[in-house]
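Engineer: Here it is: the structure, laid out below.
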2 protein chains.
Amino acid sequence: MAVTKDQILDATERRIRDGGYGGFSFRDVAADVGIKSASVHHHFPTKTDLSAAVARRYTDRLIEAVQGVPDEKRIGEWRQIFRNALRQDGRMCLCGILGAESGALPEPVVAEAKRFFQLATKTIADKDTVHQDTGLRVFAALEGAMLMARAMDDPDVFDRATASLG
Amino acid sequence: MAVTKDQILDATERRIRDGGYGGFSFRDVAADVGIKSASVHHHFPTKTDLSAAVARRYTDRLIEAVQGVPDEKRIGEWRQIFRNALRQDGRMCLCGILGAESGALPEPVVAEAKRFFQLATKTIADKDTVHQDTGLRVFAALEGAMLMARAMDDPDVFDRATASLG
DNA sequence: CCGCCTCTACCTATCAGTCGATAGGTTTTG
DNA sequence: CAAAACCTATCGACTGATAGGTAGAGGCGG
């Protein structure tokens with residue numbers, strides 16, 4: 001049954017997006033799901049495995065969602081995705097946090113964060129070639145805006161910092 | 001003698017900028033300085049105290065440095081500061097990491113990160129009033145660019161993402 | 001000058017709590 | 001019946017933090 005496994009991934013994703021890799025434990029996640037920490041290890045042997053799996057699922061889910069909208073609306077779509085997450089529960093991009101913490105992260109986890117940014121930037125300025133750095137600029141603005149909105153404890157900061165992206 | 005205290009702050013700043021709040025311990029810092037962890041507690045009773053002190057010193061130092069340059073060159077100055085830190089040892093903005101992790105941080109530490117962004121944005125678009133959100137946009141771009149450069153393990157990402165900042 | 005005192009800095013030793021992880025038994029499910 | 005899921009119990013390592021002792025510097029009265 002994949003439901004427990006998904007619940008573990010859900011809980012872990014929430015935890016990481018709130019406090020980062022160092023901000024959660026197997027016991028935290030287990031308690032969220034309603035099982036014991038040993039059972040989390042049964043599905044994901046190590047913390048590295050679990051975190052990497054969360055990041056991979058996160059990336060695949062978002063990339064797929066954005067690929068469903070036309071090219072010219074993708075920047076707005078990304079902005080809306082992050083805006084909603086921030087408004088609803090004050091959480092930022094999973095791979096944004098992982099990127100920030102990357103100096104103290106296991107290599108496979110950093111690799112997943114890297115993959116996210118490679119694929120995410122590719123969904124923007126895919127072919128227009130004038131500025132192949134547009135994707136980098138857009139995600140830098142979005143990630144930084146989330147980070148600042150959280151630090152300043154004001155969701156409006158995200159809107160104001162990214163207003164010119166639309 | 002304030003030298004040890006400064007060394008503790010230096011080591012802690014390096015540690016946090018690399019791996020975040022959850023990525024260092026009193027024993028790590030003590031080993032860096034060449035003393036015992038109990039001696040770190042002597043200068044900074046709790047991890048919250050230590051981290052908040054590091055963030056405050058960091059903020060004061062950078063704000064003062066930027067205030068020494070004329071208004072129209074400040075964006076470039078901030079960009080240069082962060083670019084150098086990233087190039088030299090792959091470290092990002094201290095308060096950027098803290099902002100990302102803020103969901104699992106003690107309140108006084110978050111307050112210091114907040115203070116940084118309030119003062120930092122104020123050094124830009126201080127009076128020209130046309131866009132009082134310019135500071136937010138600039139720092140979102142800078143913080144996000146650092147984060148991505150680290151995640152993608154490529155310092156050039158920072159340059160490319162912030163090239164349009166002037 | 002000496003002896004004394006106090007303060008700061010640092011130490012050793014230890015605490016209880018939590019961490020990731022494992023071994024091995026039990027329950028559920030197909 | 002076999003496999004997958006979940007459990008209890010425990011491990012050693014590490015965490016932040018505390019208690020209490022030691023060494024040395026500086027001030028001060030005599």
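Residue by residue, here is whether (1) out of contact with any Leu (no Cβ under 8 Å at 6 or more places or on another chain); (2) more than 28 Å from B:Ser25 (Cα to Cα) holds:
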position: A:Thr4; (1), (2): yes, yes
position: A:Gln7; (1), (2): yes, yes
position: A:Asp10; (1), (2): yes, yes
position: A:Arg17; (1), (2): no, no
position: A:Phe24; (1), (2): yes, no
position: A:Ala30; (1), (2): yes, no
position: A:Lys36; (1), (2): yes, no
position: A:Phe44; (1), (2): no, no
position: A:Asp49; (1), (2): yes, no
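Engineer: Give the residue that is nearest to B:Ala11 (Cα to Cα), with candidates limited to residues of region B:45-62 that are within 8 Å of DNA strand D (Cβ to nearest atom) and surrounded by 15 or more Cβ atoms within 10 Å (Cβ to Cβ).
Structural biologist: Taking the candidates together, the pick is B:Leu50.
Engineer: Just the residues that are more than 10 Å from chain B (Cβ to nearest Cβ) and surrounded by fewer than 23 Cβ atoms within 10 Å (Cβ to Cβ), please, taken from region A:108-126.
Structural biologist: Correct list: A:Pro108, A:Leu119, A:Lys122, A:Thr123, A:Ile124, A:Ala125, A:Asp126.
Engineer: Quick check on my filter: what residues within region B:140-159 are outside any helix (DSSP H, G or I) and within 7 Å of chain A (Cβ to nearest Cβ)?
Structural biologist: Hits for region B:140-159 are B:Met152, B:Asp153.
Engineer: State which residue is farthest from A:Ala53 (Cα to Cα) when the search covers only region A:20-39 and only residues that are within 11 Å of DNA strand C (Cβ to nearest atom) and in contact (Cβ under 8 Å) with a residue 40 or more places away in the chain.
Structural biologist: Among those that are within 11 Å of DNA strand C (Cβ to nearest atom) and in contact (Cβ under 8 Å) with a residue 40 or more places away in the chain, it is A:Gly22.
Engineer: Against the definition (under 13 Å from the mean Cα position of the chain (by Cα) and closer than 24 Å to B:Glu107 by Cα), how does A:Ala85 come out, yes or no?
Structural biologist: yes
Engineer: Scan region B:80-88 and tell me whether some residue there is in a loop (DSSP other than H, G, I, E, B) and surrounded by 15 or more Cβ atoms within 10 Å (Cβ to Cβ).
Structural biologist: Scanning region B:80-88 turns up no residue that is in a loop (DSSP other than H, G, I, E, B) and surrounded by 15 or more Cβ atoms within 10 Å (Cβ to Cβ).
Engineer: Could you tell me which residue of region B:40-52 is nearest to DNA strand C (Cβ to nearest atom), considering only residues that are of a type in the set (Val, Ile, Thr) and without any contact (Cβ under 8 Å) to a residue 60 or more places away in the chain?
Structural biologist: The residue in question is B:Val40.
Engineer: Looking only at region B:21-39, which residues are assigned to a helix (DSSP H, G or I), more than 8 Å from DNA strand D (Cβ to nearest atom), surrounded by fewer than 18 Cβ atoms within 10 Å (Cβ to Cβ) and not hydrophobic (A, V, I, L, M, F, W, C)?
Structural biologist: Selection gives B:Asp32, B:Ser39.
Each value in this text was obtained by applying a stated rule to the coordinates, not by laboratory testing. A quick note: this is a predicted structure, and the numbers were derived from the prediction, not measured. A quick note on method: Cβ atoms are made from the backbone with ideal geometry, for glycine too, and the neighbour counts reach across all protein chains shown.
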